[in-house]
Every structure is written in structure tokens, then in C-alpha cells.
2 protein chains.
Amino acid sequence: MEFPPVTPPDQQVHREAVFRHGQLTKPSGSLGRLEELGVWVAACQGSCPPRPFVRPQVVVFAGDHGIAARGVSAYPSEVTRQMLGNFLSGGAAVNVLAAAAGVAVRVVDLAVDVAADPEMPPLVTRHKVRRGSGAIDREDALTDDEVGQALAAGVAIADEEVDRGADLLIAGDMGIGNTTPAAVLIAALTGAEPVAVVGRGTGIDDAGWMRKTAAIRDALRRARPVVGDPVALLRTAGGADLAAMAGFLAQAAIRRTPVILDGLATGAAALLAEELAPGARAWWVAGHRSVEPAHIQALEHLELTPVLELEMRLGEGSGAVAALPLLQMAIRVLAEMATFADAGVSGPVDEPASRR
Amino acid sequence: MEFPPVTPPDQQVHREAVFRHGQLTKPSGSLGRLEELGVWVAACQGSCPPRPFVRPQVVVFAGDHGIAARGVSAYPSEVTRQMLGNFLSGGAAVNVLAAAAGVAVRVVDLAVDVAADPEMPPLVTRHKVRRGSGAIDREDALTDDEVGQALAAGVAIADEEVDRGADLLIAGDMGIGNTTPAAVLIAALTGAEPVAVVGRGTGIDDAGWMRKTAAIRDALRRARPVVGDPVALLRTAGGADLAAMAGFLAQAAIRRTPVILDGLATGAAALLAEELAPGARAWWVAGHRSVEPAHIQALEHLELTPVLELEMRLGEGSGAVAALPLLQMAIRVLAEMATFADAGVSGPVDEPASRR
């Protein structure tokens, strides 16, 4: 699958927003990262001052992973299917956080290990690729065709949401066992060793941690030879949900729509998306830093500094949604604060107004 | 001024909230600090699940400082008075952040260097102690009587706001030069050396930094002998605004009302409040960690871990207000998420439902 070139956010508007921040009634730079976030949104929107997000959208990419059969998760695989229902009835963490932040939530079944259910809304089921992805320590996650289908699904979902008016996108994940392929993809693309990327996931014990380390080691041995080819890497060590997320993140950039990244699974998909569509990362902000060690590696590789560090490790898009109110605040600061001139407030003593 | 004993938040409700978090449809602990924040609010409110804050209130304590005449700030003292007008017309950073977070803002003139203006609303002026506090490198900031007046003003303001229905309080600061007495108070109470507490404040240059270091050194020499007596310390090296904030923070705890602390000035006031009313800190959460080095010392001494680290250094309550949406989210998670039983979701494999 070929992506067209990514064009960067508007650098002229970026400069205008930096200049405007210097006019507002506060010491220059004193709002720290809030200033940077407001400037970034302005550049993405091509508008200074920027506009508050009115149609932010979370898409949760759900899928099962054959590797779960190796005992790498604290939860049974049936939880993926059960959580799909929980998302649809609004009881999951991301539903509650999104309601608080004014974000809509859509869940999409890419590879949940359940037969197609005609009762399910088409928005959930229309992009399904297969039932579960392969057990990546011994077999491929997907066929080449399925990788193409999953990437195309992610692109189509991004297009659907942007065409429906979404002005900010968040990708979330749900899938028992998905931290194992995510860690493998990150290790492959950043050159990290297996032990440097193994985390506790949903909360495995020491025996589970050893099983997970072995699974990551075996899958990474299969993945290293194809690290230069993103499609082959997703086939060998990915999954339909992770591939769709990668397509979604790349297409968001192509559609010039800003994204807040979430945790480990999104981080792995983001590394792939940056390989598929170089420059896409300029359209993303890192919502938070998860406690998963591989997530830190992914963010460093992408040169993204997280907004929040709250020791979260849930996924679902929860950490990205938690960061959204800060982005909205950053936008409003740039749009609504008084300037020194408007408010009749004096500037710094060493720099009289006539010289600024 | 004597404060009655502080009673801690409700420990039984704390345990109930921790238990409830274990029932919700997510791996235990996976929301990290959001879980801790929700539990803390529940304990403060004595109610599990906790209730979203409906009347949060920021109070900005404004005052001038004689030490500003030594060139310790990048801005002239007249800015304090000018910013008072900016707060009242809604153009300052905290106004915009507070509007985004659903918080009301009140500004109170404790010691702005301006004559009483009959046009000003009484809510702003009724607690005024004096015009500017003393230049603490060579003279006392206040008399003992003025310290008493300022502490009583802070207590009265907390009472006024709680009696008007405030269910969460935030103290902000505005005062050119105020980072110098704040740094001195923190150095005195934590035992830090002058150079360890000198920051750039509003953004001073290297020459200003040297003047500020000298001012802090001289004031600290005057303050060290009275470090065991909070009233004498506020007299020697404080200010009416900082003393009022200390009274406000202590009284919030006595009124069992939770507080989000802001940056350096609030941190200094919080150290004093904890001296005046031991145990008050159990009612406070640290909204953020500012880039001011003395703020870090204050938070460590209070054993408070900041929610945000966004390189902010504005004051006004801005960093505390920025953290409020995360508290509201933490509350809603505990109140609105489905339990494993409600949602029909399986628990961890090693821990069947019958054993939990």
C-alpha cells in the first residue's frame, strides 16, 4: 500500500502563533508546554488563533492475538469480545473519560475472535479482517493480503471520521495479548533488546513475565530479518488491529488532521505509520507516557515528548483522552487571553514596548 | 493565631474507593494516578463514589513586595496593579484556563501598592492589609499585627468561599517580586541553600539572577533565627499575600475542603500552613511541578507528588486549574465505570471471580 507524501503543518502560522504568545499578558514562555501545544494546534489548523476542537473522535481498534494462548496476559482472550460490548454500552474507562472530555467513541472489530454478529452495528463490523491474528512466536500474524486489507481499513476509518467532521483523532486499542506484538514491533524498529521492551501489560505475575519474554524473544527472531519492510513486519509480528491503527495514523496526517497518541499499542502503530508515511509524526502529539518500557522507546524514537506522565497502562485511548482538556486549554489561552496592549499592562523593564 | 486540629479525610471511605476501583472493568491499577486522585477525592468528600466538583473556586492573592526595588523581577511593580484590572476583565491566563475548566475566579488585594479605590468591588478590597510588604533583605515584611491580620484574612476568605458553596479551592498568586520571599520561606523551612532555591521567576536575565540571589541570601540570614515560629517567619521574610494564602490553605483543611496547590508561591504558603495546622496537607493535591527549583523542594518536604509537569512558571493558580479536568475525570471514572459483574466481563485468569 502506497501513501501519498505527507505535507507538514503550516510553518507560517506556527511563527504567527509563537509571536502572538509573546504579546499575551504573561511572562514569555511561562505557560511552558501549554504554549507549545497551542502553537502546534494553530499550525495543524492553519489558523492563528486556533479553534477549540468541536468534533474530537476516538476510534478503538479491537482484535485478538494468538500469542495470548502462551499465557502472556493476566486475562483470558474472551475479555476482548466482552469488552466490545462494554464499549458499546458505555461502561469502559475510555467511555467515561471521553464523556468528560467531550469526545465521541467508536469501536471497530478488526480481528476479535468471534463470528460476525448481524446484530452488531456496521460501523463496528464492516472492517473486520479475520478472527484473531496468528501466534507470532511460531507463525505469521497475517497474510500479505490481510496486511493490505487492515491498512486499507485504517485508511478508510480515518477518511470516514474526517468526512463526518472529526477535527481531532485518537486511536485506542483493545485486545488481550496485544502488548506482546506491540513490544516486538517496537523492539524491531528501535533496535531494543527483548528484555528492554517487556512490560507487565494487564498485570502479569513473574511466571507470566517469563513466558512473555520468551514469546517476545521468539517473535523478534522472526521479525528482525524483515525490519526494513513495514508490510512484511506487520505480517510477521503485527496483527490486524495494529496494522489498521498504523493506516489510520498515517491517513490522519495525510488528511491534515491532528492526532493525540495513546500508549504502547498506539506507539507501535505510530512507528509503523511513520515508516509508511514519513513525516506523519508532525501531526501527532504524545498524550502520555505509559509505564510500559517499550512505549518510552517508541516515543524517543519518534522524538515526541508526552504531555502526561500519570503511570497509566490501560490503552483504549484513555491516556490520549486524558490529555485532551489540556489541548483545549492551550487553544483557548492563545485565542482568548488579553495582550499587553489591550489590557494596558507594562512589559518587561529591560525591554520597553517601543523596542518590542 | 491558633488553628483548631485538622481532622484527616475519611479513611473508611478511602478503603471503599480502593475496593471499588478493583471491581471496575480494567486491570487493577491500570489508570495509575487517576485512580489515586479519585480515591483521594472520595475520602475528602466522605462519599464513594465521589461527586464531580460543581463549585470549584480560584482565589488569586495579590500583593506587592518591597524587594522588587532591588531589581529581582523582569517586570516593574506597577504590573501587579495592572494585572488586578486584567483579572477583573477576564483577560489573564487563569481567567481563560478557569473558564475552560468550569472554575470561578476571585482576586483579592492583600497588599498591592495602590491606594484603596472605592470603585473596586468589596470582594477584592475588603481584606487589604497594607500597600506593599517590606523589602525583606533589610527590613521586616510585616508587623506581627499585620501577620495576624493577613492570616485572619486568609481564614475569612476560605470561610466566605466555603459558605458560598465552594467544594474545591485553589489559591493563586499575583505580585511582582513574590518569588523572592517565596524562595526565602522555602529555603528557611526546608534547610536549602540560597542558590538551590533561586529561579528565573518572570524571566530575569543573568544580572537579575545575581541580584535575586543576593537578596535571597540577605533575607535568609534574617529569617533563619526565627524559623521555628511561623508568625515570626512571615513577619521577617513573608508578605501579606503569602500570609493570607497560608491562612486560606490551613482553613480549607479545617473546613474539610480539598485544595489543588499551584506553584512556587502556593508552595511556600503551603509549607507555612502545614506548620500552623499540622496535617493540613492531607487535604491538598499538588496540581503541577513548576520549573522554579524551590517549588520542587517545597513539594518534596510536603511529600506531595505533582499531577502535571508542564514546565509552567506563571502562578495565578494556572497550574492548579490545568490539573482540575484530570481530577474531574478521576471522579467520573470511579462514579460511572461498569464493574466486571455489571458488564459480564471475566476477571484475571489466575484469580477466578469466586476467589475475589
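The values are calculated or read from the model by the stated rules, or taken from the named source; none is laboratory data. The shown structure was predicted, so the numbers you read here are calculated from the model rather than taken from an experiment. Heads up, the Cβs are rebuilt from the backbone with ideal geometry, glycines too, and the neighbour counts pull from every protein chain shown. Calculation scope for accessible area: heavy atoms of the full protein, side chains included, ligands and nucleic acids excluded. Shrake-Rupley method; radii C 1.70, N 1.55, O 1.52, S 1.80 Å.
So which pairs qualify, if the first residue must be in the range B:334-349 and in contact (Cβ under 8 Å) with a residue 24 or more places away in the chain and closer than 21 Å to residue B:15 by Cβ, the second must be open to solvent by 30 Å² or more (accessible area, probe 1.4 Å) and not in a loop (DSSP other than H, G, I, E, B), the Cβ gap must be under 7 Å, and the two must be at least 6 apart or on different chains?
Filtered contacts from the range B:334-349: B:334/B:20; B:339/B:23; B:340/B:23.
Could you check the range B:296-318 and list, in sequence order, the residues that are within 9 Å of another protein chain (Cβ to nearest Cβ) and open to solvent by less than 10 Å² (accessible area, probe 1.4 Å)?
Those that are within 9 Å of another protein chain (Cβ to nearest Cβ) and open to solvent by less than 10 Å² (accessible area, probe 1.4 Å): B:307, B:308, B:310, B:312, B:316, B:318.
Output the number of the condition that residue B:104 fails; it satisfies all remaining conditions of (1) open to solvent by 40 Å² or more (accessible area, probe 1.4 Å); (2) farther than 24 Å from residue B:164 by Cβ.
Of everything listed in (1) open to solvent by 40 Å² or more (accessible area, probe 1.4 Å); (2) farther than 24 Å from residue B:164 by Cβ, residue B:104 misses just condition (2).
Is it true that residue B:161 is over 15 Å from residue B:71 (Cβ atoms) and open to solvent by 30 Å² or more (accessible area, probe 1.4 Å)?
no
In the range B:258-281, which residues are of a type in the set (A, V, I, L, M) and open to solvent by 10 Å² or more (accessible area, probe 1.4 Å)?
Result: B:264, B:276.
Just to verify a result, which residue in the range B:75-95, among those that are more than 7 Å from chain A (Cβ to nearest Cβ) and aliphatic (A, V, I, L, M), is most open to solvent (accessible area, probe 1.4 Å)?
B:88
Hey, could you check the range B:29-60 for residues that are among the β-branched types (Val, Ile, Thr) and surrounded by 21 or more Cβ atoms within 10 Å (Cβ to Cβ) and say which is farthest from the other protein chains (Cβ to nearest Cβ)?
Step one: list which residues in the range B:29-60 are among the β-branched types (Val, Ile, Thr), which gives B:39, B:41, B:54, B:58-60.
Filter again for surrounded by 21 or more Cβ atoms within 10 Å (Cβ to Cβ), leaving B:39, B:41, B:58-60.
Numbers: B:39: 14, B:41: 14, B:58: 14, B:59: 19, B:60: 13 Å.
Per the stated criteria, the residue is B:59.
Got a sec? Which of A:29, A:46, A:38 is on the phi > 0 side of the Ramachandran plot and under 25 Å from the mean Cα position of the chain (by Cα)?
After ruling out the rest, the residue left standing is A:46.
Specify the residue that is farthest from residue A:71 (Cα to Cα); the eligible residues are those in the range A:178-201 that are within 12 Å of another protein chain (Cβ to nearest Cβ) and open to solvent by less than 40 Å² (accessible area, probe 1.4 Å).
Ranking the candidates gives A:199 first.
Right, residue B:255: open to solvent by 10 Å² or more (accessible area, probe 1.4 Å) and within 14 Å of another protein chain (Cβ to nearest Cβ) or not?
No, not satisfied.
As an exercise: evaluate residue A:26 against (1) at the interface with chain B (Cβ under 10 Å from one of its Cβ atoms); (2) open to solvent by 50 Å² or more (accessible area, probe 1.4 Å); (3) part of a loop (DSSP other than H, G, I, E, B) and give the number of the one condition it does not meet.
(2)
Got a sec? Which helices (runs of 4 or more DSSP H) wholly within the range A:85-195 have at least 2 residues that are more than 25 Å from residue A:251 (Cβ to Cβ) and touching a strand residue (DSSP E or B) at 6+ places or on another chain (Cβ under 9 Å)?
Details: elements: A:93-101, A:122-125, A:144-163, A:179-190.
Ranges flagged: A:93-101.
Of the residues that make up the range B:282-295, is at least one crowded, with 24+ Cβ neighbours inside 10 Å and facing another protein chain (nearest Cβ under 8 Å)?
no
How many residues are open to solvent by 30 Å² or more (accessible area, probe 1.4 Å) and either aliphatic (A, V, I, L, M) or closer than 21 Å to residue B:151 by Cα (or both) if we restrict to the range B:61-74?
Residues flagged as open to solvent by 30 Å² or more (accessible area, probe 1.4 Å) and either aliphatic (A, V, I, L, M) or closer than 21 Å to residue B:151 by Cα (or both) within the range B:61-74 amount to 1.
For residues that are among the small types (Gly, Ala, Ser) and open to solvent by less than 10 Å² (accessible area, probe 1.4 Å), scanning just the range A:319-349, find the one that is farthest from the other protein chains (Cβ to nearest Cβ).
Going through the qualifying residues, I end up with A:320.
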